[in-house]
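Have a look at the structure below, then the notes.
The values are calculated or read from the model by the stated rules, or taken from the named source; none is laboratory data. Just so it is clear, the structure is predicted and the values come from calculations on it, not from any experiment. We place every Cβ from the backbone using ideal geometry, glycine too, and count neighbours over all the protein chains shown.
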Amino acid sequence: MKTFFTLLTTVLLINSSSFAQSINKTDPQQFWDTNIQAIVNGDVDEVVSQSHFPMTTFEGEWSKKDFTDAYEILFDETAIAELSSQTYRSIQPLEDGPNNVIYVVVITTVTEFDGEVFESSTILSFQKYEGEWKLYQIDMAG
């Protein structure tokens, strides 16, 4: 049994180590400075150009027009303030198959309504398309 746990630990360490090595160390900072900063700056045209359509969302698939129409609601002052308080270290890299990394950025906001506090999250998922990071999925929770 001890041999089994030793083998399992070794396999897990090798897998996590190789996944960590597969992520370019400068990529998260560059991604943040380009993609997330465009959202913080309110540069709608730039964010649209850095998005993949049709985009998968909590409401189904969105076209470029659907996304543009919902932009100010998605990225209101509260969401921008929360996103501005984060850094590239807030990125949650996930491996989605061999050599395919997805960056997830979560914007958590708190709203008070009738004396009750509600927390919600907007979950932004980015993936590389033809070598460029693109926002391709938006989910909401809360």
Next on the checklist: Of everything in segment 95-113, what is at pLDDT 95 or above and either of a type in the set (A, V, I, L, M, F, W, C) or over 22 Å from residue 136 (Cβ atoms) (or both)? Give them in sequence order.
Outcome noted: 102, 104, 105, 106, 107
Checklist entry - Where in segment 32-142 are there helices (runs of 4 or more DSSP H), lying wholly inside it, with at least 1 residues that are surrounded by fewer than 13 Cβ atoms within 10 Å (Cβ to Cβ) and of a type outside the set (Asp, Glu)? => result 44-49, 64-74, 77-84
Checklist entry - Can you tell me which residues in segment 68-126 are farther than 16 Å from residue 36 by Cα, in contact with a strand residue (DSSP E or B) (Cβ under 9 Å, 6 or more places away or on another chain) and aromatic (Phe, Trp, Tyr)? => result 118
Next on the checklist: without any contact (Cβ under 8 Å) to a residue 60 or more places away in the chain, under 15 Å from residue 121 (Cα atoms) and of a type outside the set (Gly, Ala, Ser): which single residue out of 43, 76 fits that description?
Outcome noted: 76
